[in-house]
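Please read the structure below before turning to the comments.
The values are calculated or read from the model by the stated rules, or taken from the named source; none is laboratory data. The structure displayed is predicted, hence computed values, not measured ones. Cβ placement follows ideal geometry from the backbone for every residue including glycine, while neighbour counts extend to all protein chains displayed. When the accessible area is computed, the model is the full protein with side chains, heavy atoms only, and any ligands, DNA or RNA have been set aside. Shrake-Rupley method; radii C 1.70, N 1.55, O 1.52, S 1.80 Å.
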Amino acid sequence: MAERKSVSMQDLADKLGISKVTVSKALNGKDGVGEELKEKIFALARESGYVLPDYGKRKSKKVGIIMSPRFSSGDEGKFYMAMYERIIYELQRASCSSIMISPTTATLPSDMNTIQTRGLFDGLIFLGILDKGVREQIAQIAQIDLPKVYVDIYDRTHKSDSVITENIYSSYELTNYLIQQGHTDIGFVGTVGSTTSISDRYLGYLRRMLEEGISPKNEWRIPDRSEEGIAIPLLLPEKLPTAFVCNCDATAFKLVQALKERGICVPEDVSVTGFDDSIYAQLCSPSLTTVAVDTDAIARLAAKRMIKHMNEPQKKSGEVYRIPGKIIYRDSVCKINGSSDKPEQSGEGGKNLE
């Protein structure tokens, strides 16, 4: 049987009608190649059985991805695992391997030993906020001399790159939409301070309310989780606003159920908005007006920043990259007082910094 001829970069380039340099940049995770073309190059490389020269001898960079174990299952898990899978896909495209570490207060000593093992990792990615008990004990990680990227969370004291959704502006626009629909009594559902995302979404809501000269009532700010991030029952006040901005779709879904149990119709009596555009946004009846988070763009940029810092460790980091979301208008909001059906933009816009 004739031996199969190995595939070269030039073979890939010829099939796609591009230069060998372009193929090399894509396969080695370098800048300068568009995402659509990269996908074509990688797809053809997989089909052709191509591997990088000396692949088995090259030292693959290894990234530790640190994430709370509660994000690997359940409601929040669907969101974070999708982002995790995209991050490792992008790392693999740059010939980087990864290990997930899910620390708890019980496993933290051994996890810290793993993280601090000299030469084991070339960089660390923190995906989402860690559990409170772990956060209180894990400050020494900030002192480890490795590139770090924080995803869906930021803390300026870390002096490392963060990649997050543009939470403030998106929540501001949701609140603005409700005001355009005639709502002035608007509540917020989410435990402010439990995560940076919830705090930012509350700030966006609060800013738009104050610009309109509306002082939100404290009884209309309803917690949805404990300090540890565990969901708690929603305690609704007797007198309700005409609309709620919820910090996430899962909470909005719960709110709609709680309102229905009190005989309150959504959106005829109370309008509701969510955030994330998760499965709950469409499972909800009525379907939720929400913000679609661009998880692919967040994961792509997080991996790109990690690779850059591993390749250029001498370069300073500490930037916060905000990826714009997109409002999805569905059926959970209705107009009151003869307001316009058509949503208007406030004039400000998020900037994609990828």
Output the qualifying pairs, or none if there are none: Cβ atoms under 8 angstrom, residues six or more apart or on different chains, first residue in the range 187-214 and acidic (Asp, Glu), second residue open to solvent by 30 Å² or more (accessible area, probe 1.4 Å).
-> 200/168; 212/184
How many of the residues in the range 179-231 are hydrophobic (A, V, I, L, M, F, W, C) and open to solvent by 20 Å² or more (accessible area, probe 1.4 Å)?
-> 8
Restricting to the range 263-277, what's the tally of residues that are crowded, with 24+ Cβ neighbours inside 10 Å and either among the basic types (Lys, Arg) or touching an Asp or Glu at 6+ places or on another chain (Cβ under 8 Å) (or both)?
-> 3
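Any idea which of 141, 101 is within 28 Å of residue 230 (Cβ to Cβ), open to solvent by less than 60 Å² (accessible area, probe 1.4 Å) and touching a Ser or Thr at 6+ places or on another chain (Cβ under 8 Å)? Walk me through it before giving the result.
Details: 141 fails: touching a Ser or Thr at 6+ places or on another chain (Cβ under 8 Å).
Only one candidate qualifies: 101.
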What is the number of the single condition among (1) within 30 Å of residue 35 (Cβ to Cβ); (2) open to solvent by 60 Å² or more (accessible area, probe 1.4 Å); (3) polar (S, T, N, Q) that residue 295 does not meet?
-> (2)
When the range 248-268 is examined, which residues are found to be without any contact (Cβ under 8 Å) to a residue 60 or more places away in the chain and not in a helix (DSSP H, G or I)?
-> 248, 262, 263, 264, 265
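Among the residues of the range 144-157, what is the count of those that are touching a Ser or Thr at 6+ places or on another chain (Cβ under 9 Å) and either under 15 Å from residue 229 (Cβ atoms) or modelled with pLDDT under 90 (or both)? Break it down stepwise before answering.
Looking only at the range 144-157, we keep the residues that are touching a Ser or Thr at 6+ places or on another chain (Cβ under 9 Å), and these are 147-156.
Subsequent filtering for residues that are either under 15 Å from residue 229 (Cβ atoms) or modelled with pLDDT under 90 (or both) retains 152-156.
The number of residues fulfilling the criteria is 5.
Taking residue 168, is it open to solvent by 10 Å² or more (accessible area, probe 1.4 Å), at pLDDT 85 or above and touching a Lys or Arg at 6+ places or on another chain (Cβ under 9 Å)?
Working: open to solvent by 10 Å² or more (accessible area, probe 1.4 Å): yes; at pLDDT 85 or above: yes; touching a Lys or Arg at 6+ places or on another chain (Cβ under 9 Å): yes.
Against the criterion (open to solvent by 10 Å² or more (accessible area, probe 1.4 Å), at pLDDT 85 or above and touching a Lys or Arg at 6+ places or on another chain (Cβ under 9 Å)), residue 168 qualifies.
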Go through the range 302-323 and give me each residue that's surrounded by 22 or more Cβ atoms within 10 Å (Cβ to Cβ) and within 19 Å of residue 81 (Cα to Cα).
-> 302, 303, 306, 323
So is residue 260 open to solvent by 50 Å² or more (accessible area, probe 1.4 Å), in contact with a Lys or Arg (Cβ under 8 Å, 6 or more places away or on another chain) and farther than 21 Å from residue 204 by Cα or not?
-> no
